[in-house]
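Engineer: The following block contains the structure, expressed as structure tokens.
The values are calculated or read from the model by the stated rules, or taken from the named source; none is laboratory data. Keep in mind it's a predicted model, so treat the numbers as computed, not measured. Note that we place each Cβ from the backbone using ideal geometry, even for glycine, and neighbour counts take in every protein chain shown.
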Amino acid sequence: MQRDVPALVDGDAGRLRQILFNLIGNAIKFTAQGEVLVEVASGRAPSPEEALLHFAVHDTGIGIAKEHQESIFHAFIQADGSATRTYGGTGLGLAIASELISMMGGHIDVESAPGEGSTFHFTIIVKRQSRQSVEEEQPLPAPATSQLSVLVASANSVSRRLLGDTLREWLPLVETVNNAQAMLEALRRHPYDVLLLDEQLEGFDAATLATRQAADGGGPPAVVLLLPHDRETDNGDRPFAVAAPLPLPASPADMLAAIHAAADKAGKTAVPPAGPADREAAAGQAGVPQKRRILVAEDDYINRVLITTILEREKWVVTAVENGRLAVDEAETDAYELILMDVQMPEMDGFAAAAAIRAKEKGTGRHIPIVALTAHAMKADRERCLAAGMDDYISKPVEYDALFALLEKFLPKH
Ligand code: ADP
């Protein structure tokens, strides 16, 4: 996803899902080897209230001959009748996708050559979200404490581009290189904190890296080992130290989690301080009323940053803790107006923490709203949350509007 793509838009998610489902399904179906890649960029919209999104679904599959490229968008026509026997299909998917796309003010076309793969491009027009803070259209800023520098060394151009583009959204310095010599030069130029390494890198010599690590006394860079999905299972036998593995393909959250795990291991903690230190920092903020504080208990780094960022944009003071036990301690200070509580956390989960908070409140007349953060808001989960003394729940990943609807419900005066 490119930087200028708005974070939130208002459109028909069901139709868009159907179109992408069809194009990605075809791309996978007609690709025996290589990659399928989906990209989204922002284009020139017809009006300031709207956004034009440009999607591209690339594959490295069988491709489509020029003479068939127009007709595949019409119902019941398949590029090559013989393909039906091999691949099945109805010949309807693209006709429907093309219809849906024109209903959304867009257009679809294909670039392809037999044997070289295909790229289906389409555009749609959506409404921009009207919330003021979304109009800024900035991607979520990197957390202030994430000052890590990262070097990506991979021979695979798709991995390099995906890792590089994604990480640049979050981290201040990200460089990509495609061979071992360039990697060593880059490491000489800059003391990168973390190295994302694909061992298939041309010219890569494990012993050289091991020697370098030994010379640095195990100092940076911490190595995150990229594990492409098609690579033989890992035998784990290497002369150099691996701080964390990263199986590919990886989501942005996986990438960041691996980088932070590696940096933590190497003693370069980049996770924002959690718990009392945060509270002191918050208390030091001039002009912040005593209440307008939210406690977030969430063990997942990315979710913690995401929720904190959203809330801080709206001038809430947030204390983030990583487990239920810390949440119970914090709640005792009575400094918060609401608690967002992940249900699955190490040490003490959200259910136990909520029950402990409620037990301590008994007889005091206090009742702090506790909202569960659940990965899958199933009925059984909901009932467990309520049984543990929580007041409501919200699904992860947390959406802006859902979160503010909840705050409105529990804290209407703000
Ligand atoms: P179906 O796949 O169900 O037959 P579609 O309308 O989705 O119907 O696709 C129509 C035809 O276009 C396919 O049968 C195939 O011949 C061609 N086609 C679509 N996508 C691809 C692709 N990614 N690579 C190669 N051929 C494709």
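Engineer: Restricting the search to the stretch 343-373, which residues are under 26 Å from the mean Cα position of the chain (by Cα), charged (D, E, K, R) and either modelled with pLDDT of 95 or more or more than 19 Å from Ser395 (Cα to Cα) (or both)?
Structural biologist: Glu347
Engineer: Determine, yes or no, whether Ala359 is surrounded by 18 or more Cβ atoms within 10 Å (Cβ to Cβ) and assigned to a helix (DSSP H, G or I).
Structural biologist: No.
Engineer: Taking the criterion of being closer than 22 Å to Glu39 by Cα and buried (at least 19 other Cβ atoms within 10 Å of the Cβ), would at least one residue in the stretch 213-234 satisfy it?
Structural biologist: There is at least one residue in the stretch 213-234 that is closer than 22 Å to Glu39 by Cα and buried (at least 19 other Cβ atoms within 10 Å of the Cβ).
Engineer: Filter the stretch 61-115 for residues that are in a helix (DSSP H, G or I), more than 10 Å from the ligand (Cβ to nearest atom) and at pLDDT 85 or above; which is nearest to Gln33 (Cα to Cα)?
Structural biologist: Filtering first and then ranking leaves Lys66.
Engineer: If you don't mind, another one. State the number of residues belonging to the stretch 1-59 that are without any contact (Cβ under 8 Å) to a residue 24 or more places away in the chain, touching a Leu at 6+ places or on another chain (Cβ under 9 Å) and within 21 Å of Ala97 (Cβ to Cβ).
Structural biologist: 1
Engineer: How many of the residues making up the stretch 3-30 are more than 16 Å from the ligand (Cβ to nearest atom), under 19 Å from the mean Cα position of the chain (by Cα) and assigned to a helix (DSSP H, G or I)?
Structural biologist: Residues flagged as more than 16 Å from the ligand (Cβ to nearest atom), under 19 Å from the mean Cα position of the chain (by Cα) and assigned to a helix (DSSP H, G or I) within the stretch 3-30 amount to 1.
Engineer: Within the stretch 116-152, which residues are within 16 Å of the ligand (Cβ to nearest atom) and either modelled with pLDDT under 90 or in a strand (DSSP E or B) (or both)?
Structural biologist: Gly117, Ser118, Thr119, Phe120, His121, Phe122
Engineer: Something else: On the basis of being part of a loop (DSSP other than H, G, I, E, B) and modelled with pLDDT of 75 or more, does Ala155 make the cut?
Structural biologist: Spelling it out, Ala155 is indeed part of a loop (DSSP other than H, G, I, E, B) and modelled with pLDDT of 75 or more.
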